[in-house]
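K.L.:
To start, I am sharing the structure in question, which I have written as structure tokens.
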Amino acid sequence: MKIVATQPFGDQKPGTSGLRKKVKVFQQPNYLENFVQSIFNTISPCEGKTLVLGGDGRFYNREAIQVIIKMAVANGIGKLLVGQSGILSTPAVSCLIRKYGADGGIVLSASHNPGGPDEDFGIKFNASNGAPAPEGLTEAIAVGSREITTYKIADLGDIDLDQLGSLPVGDTQVEIVDSVADYAELMASLFDFEAIRALFKGDSFKVCFDAMHAVTGGYAVEILERQLGANVGTVINGVPQPDFGGGHPDPNLIHARELVERMQKGSGMSFGAASDGDGDRNMVLGEGFYINPCDSLAVIAANAHLVPAFATGLTGVARSMPTSRALDRVATALGIDCYETPTGWKYFGNLLDDGRIQLCGEESFGTGANHVREKDGLWAVLCWLNILAVKQMTPEQILRQHWQKFGRDYFSRHDYEAVDTELANKMFSTLKLDLPQLIGCSFQGLQITAADDFSYTDPVDNSHTEKQGVRILFDNGARIVMRLSGTGTQGATLRVYFDCYEDDPERLDQNPQEALHALILAADEIAGIGKFTGRAAPDVIT
Ligand code: G16
């Protein structure tokens, strides 16, 4: 065991979901080691502890895993469960932590951000409940990273990550585990696999799942094709690649282009889906029909009773604040609680652990439940397949029926990427100062009734979080939300969210950008987006 002298880096504060930086930043001498040692210091004593370790297969995954194994050995970790070939999806890590009673897990991923030598890498720590480390823990890791002076690493050769099995290394038992088996077993216990198998029999129900050359490939082939009998070839881009095939593993209409083309009207396809780099996000599509993640969450809530895992009914649901309020309408109809949390899956952990909610989700293509403590892309896809199998309707028919019953919450998010950080901060500080005066003012014929910076008190442990996004509410119930992303790796990413409600049956079929047009213009007038960012239009619209 070596004790290596090091110096702190000033930039190791985890964001919305772990520490995300360019690969080149992680490749600096001691950078990865400092952060990993800060995790070990925070959870110390490490002796006898069990940790799960795996990543989404992106560039630098294998190298980082070897370093972390050696550091775990030197720090006296009792047992390490490592995904075969270093591969574990984020929900699979959560599943393994819970199933084997581990003390936590380390996930190597920068989620939907691109991979490759010049792209992104990331590392996050999950706690013993399988959930992303809560803010208190990430803060302690960040503080530790600013004070670190040494790290410990074992002087040993690389471990064979490809061979399943268990071997003692020093005082640590290193076990290379099947990346898919435990997760697949969990999925089979939650859904009506018989009904989904019946759906896939014959040739009339055609599905395409785009794994985007990212981690879900192996999981989707095993579950959809091998266990549920979907045609071979249902899963496209199914082999994980370190650079995601040169693509951007973000399941949205822009980046999952191949899937969108296959799902066009007239294609005869019944259902399409995609997942992201680390397998926790999902996008679902009908034939030529996009399903907004906020609507997907609401539909799942409204139909949860059709899914065996929820057979006894839901008692509560939750959504992140910027997510549309479609879910709230379902919760009201069901007479169950609906919680509004800040952006970040970590805020759902306590609500799930406390049994207050069973289902939750976010506008950022994240949906999940109490089976693990992460959002879960393939789980959402199976949920939809289960609902489709029972209802025997197309996704579009289900959505239209849902809107007729609950009304439609038009929703869109506009992202301005790689904005100059100083200018973005200036825009927000100006806007926040203006908030009290905005109330009562009108923009584009809409009057502002409330404007604040969202804060949240966790009802379980009373922890308090502030500055979670500016909310502007209008007299017709419409809303604009603005916040800076906590997952970008270049400059600042400004996210502007719009939603408005419509229950006129004749007006449920509008293009969301048109339905939200007045709000979009109002946001620019209120915050001076164009003026501060110098951008005439957003980079990405979802
Ligand atoms: C992470 C978080 C999500 C969050 C998303 C976007 O997802 O787990 O809760 O909604 O980032 O966050 P931001 O708007 O701050 O960029 P993922 O899939 O990137 O791990």
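The values are calculated or read from the model by the stated rules, or taken from the named source; none is laboratory data. On a predicted model such as this, the values are computed, not experimentally measured, just so you know. Virtual Cβ from ideal backbone geometry, glycine too; neighbours counted across all protein chains shown. Accessible surface areas use protein heavy atoms only, side chains included; no ligands, DNA or RNA. Shrake-Rupley method; radii C 1.70, N 1.55, O 1.52, S 1.80 Å.
K.L.:
If you take the residues of the stretch 1-21 that are within 16 Å of the ligand (Cβ to nearest atom) and basic (Lys, Arg), which of them is farthest from the chain's Cα centre (by Cα)?
P.N.:
Here the answer is 13.
K.L.:
Just one of (1) closer than 29 Å to residue 109 by Cβ; (2) touching a Phe, Trp or Tyr at 6+ places or on another chain (Cβ under 8 Å); (3) open to solvent by 30 Å² or more (accessible area, probe 1.4 Å); (4) more than 13 Å from the ligand (Cβ to nearest atom) trips up residue 460, so point out which.
P.N.:
(2)
K.L.:
Limited to the stretch 96-133, what total is found for residues that are in a loop (DSSP other than H, G, I, E, B), open to solvent by less than 30 Å² (accessible area, probe 1.4 Å), farther than 23 Å from residue 244 by Cβ and in contact with a Ser or Thr (Cβ under 8 Å, 6 or more places away or on another chain)?
P.N.:
Summing the residues that are in a loop (DSSP other than H, G, I, E, B), open to solvent by less than 30 Å² (accessible area, probe 1.4 Å), farther than 23 Å from residue 244 by Cβ and in contact with a Ser or Thr (Cβ under 8 Å, 6 or more places away or on another chain) in the stretch 96-133 gives 3.
K.L.:
Could you please let me know if residue 37 is more than 16 Å from the ligand (Cβ to nearest atom), surrounded by 16 or more Cβ atoms within 10 Å (Cβ to Cβ), modelled with pLDDT of 95 or more and over 25 Å from residue 156 (Cβ atoms)?
P.N.:
When the stated conditions are applied, residue 37 does not pass them.
K.L.:
Restricting attention to the stretch 125-180, which residues are of a type in the set (A, V, I, L, M, F, W, C) and over 26 Å from the mean Cα position of the chain (by Cα)?
P.N.:
Of everything in the stretch 125-180, those that are of a type in the set (A, V, I, L, M, F, W, C) and over 26 Å from the mean Cα position of the chain (by Cα) turn out to be 148, 153, 154, 156, 159, 161, 164, 167, 169, 174.
K.L.:
How many residues does the stretch 306-355 contain that are closer than 20 Å to residue 409 by Cα and within 16 Å of the ligand (Cβ to nearest atom)?
P.N.:
14
K.L.:
Given the criterion of a type in the set (Val, Ile, Thr) and assigned to a strand (DSSP E or B), identify the matching residue among 82, 143, 93.
P.N.:
Just a single option satisfies the conditions, and that option is 82.
K.L.:
To continue, here is another question. Quickly run through the stretch 526-535 and pick out the residues that are in a helix (DSSP H, G or I) and loosely packed, with under 13 Cβ neighbours inside 10 Å.
P.N.:
The one that is in a helix (DSSP H, G or I) and loosely packed, with under 13 Cβ neighbours inside 10 Å: 531.
K.L.:
Restricting the search to the stretch 480-514, which residues are away from the ligand (no atom under 16 Å from the Cβ) and of a type in the set (Lys, Arg)?
P.N.:
Passing the criteria: only 507.
K.L.:
Of all residues in the stretch 263-285, how many are part of a loop (DSSP other than H, G, I, E, B), charged (D, E, K, R) and either within 16 Å of the ligand (Cβ to nearest atom) or farther than 21 Å from residue 509 by Cα (or both)?
P.N.:
Selection size over the stretch 263-285: 3.
K.L.:
To continue, here is another question. Tell me yes or no: at least one residue of the stretch 356-378 is within 16 Å of the ligand (Cβ to nearest atom) and either open to solvent by 30 Å² or more (accessible area, probe 1.4 Å) or more than 30 Å from residue 224 (Cβ to Cβ) (or both).
P.N.:
no
K.L.:
Which ones in the stretch 16-34 are assigned to a helix (DSSP H, G or I) and under 22 Å from residue 134 (Cα atoms)?
P.N.:
32, 33, 34
K.L.:
Could you check, for the stretch 35-49, whether at least one of its residues is in contact (Cβ under 8 Å) with a residue 12 or more places away in the chain, in a loop (DSSP other than H, G, I, E, B), among the hydrophobic types (A, V, I, L, M, F, W, C) and closer than 20 Å to residue 186 by Cα?
P.N.:
Among the residues of the stretch 35-49, not one is in contact (Cβ under 8 Å) with a residue 12 or more places away in the chain, in a loop (DSSP other than H, G, I, E, B), among the hydrophobic types (A, V, I, L, M, F, W, C) and closer than 20 Å to residue 186 by Cα, which makes the answer no.
K.L.:
Also, I was wondering about something else. Could you check, for the stretch 236-254, whether at least one of its residues is in contact with a Pro (Cβ under 6 Å, 6 or more places away or on another chain), open to solvent by less than 40 Å² (accessible area, probe 1.4 Å) and within 16 Å of the ligand (Cβ to nearest atom)?
P.N.:
Looking through the stretch 236-254, none of the residues is in contact with a Pro (Cβ under 6 Å, 6 or more places away or on another chain), open to solvent by less than 40 Å² (accessible area, probe 1.4 Å) and within 16 Å of the ligand (Cβ to nearest atom).
K.L.:
While we're looking at this one, here's another question. Mind telling me which of the residues 13, 70 ends up being in contact (Cβ under 8 Å) with a residue 24 or more places away in the chain and outside any helix (DSSP H, G or I)?
P.N.:
13
K.L.:
So, in the stretch 127-161, exactly how many residues are touching a helix residue (DSSP H, G or I) at 6+ places or on another chain (Cβ under 6 Å) and within 16 Å of the ligand (Cβ to nearest atom)?
P.N.:
5
K.L.:
Right, next: Could you figure out which of (1) surrounded by fewer than 24 Cβ atoms within 10 Å (Cβ to Cβ); (2) more than 16 Å from the ligand (Cβ to nearest atom); (3) among the basic types (Lys, Arg) isn't true of residue 413?
P.N.:
It fails just one condition, (2).
K.L.:
Can you pull out the residues in the stretch 8-21 that are out of contact with any Lys or Arg (no Cβ under 8 Å at 6 or more places or on another chain) and either over 11 Å from residue 145 (Cβ atoms) or open to solvent by less than 40 Å² (accessible area, probe 1.4 Å) (or both)?
P.N.:
15, 16, 20, 21 - these are the residues of the stretch 8-21 that are out of contact with any Lys or Arg (no Cβ under 8 Å at 6 or more places or on another chain) and either over 11 Å from residue 145 (Cβ atoms) or open to solvent by less than 40 Å² (accessible area, probe 1.4 Å) (or both).
K.L.:
Oh, and also: Does the stretch 277-296 include one or more residues that are among the aromatic types (Phe, Trp, Tyr) and under 21 Å from residue 207 (Cα atoms)?
P.N.:
Yes; the residues of the stretch 277-296 include at least one that is among the aromatic types (Phe, Trp, Tyr) and under 21 Å from residue 207 (Cα atoms).
K.L.:
Say whether the condition of being in contact (Cβ under 8 Å) with a residue 40 or more places away in the chain and in contact with a strand residue (DSSP E or B) (Cβ under 6 Å, 6 or more places away or on another chain) is met by at least one residue in the stretch 234-251.
P.N.:
Yes, the conditions are met somewhere in the stretch 234-251.
K.L.:
What are the residues in the stretch 463-511 that are in contact (Cβ under 8 Å) with a residue 60 or more places away in the chain, open to solvent by 40 Å² or more (accessible area, probe 1.4 Å) and not in a loop (DSSP other than H, G, I, E, B), if any?
P.N.:
The answer is 471, 484, 501, 505.
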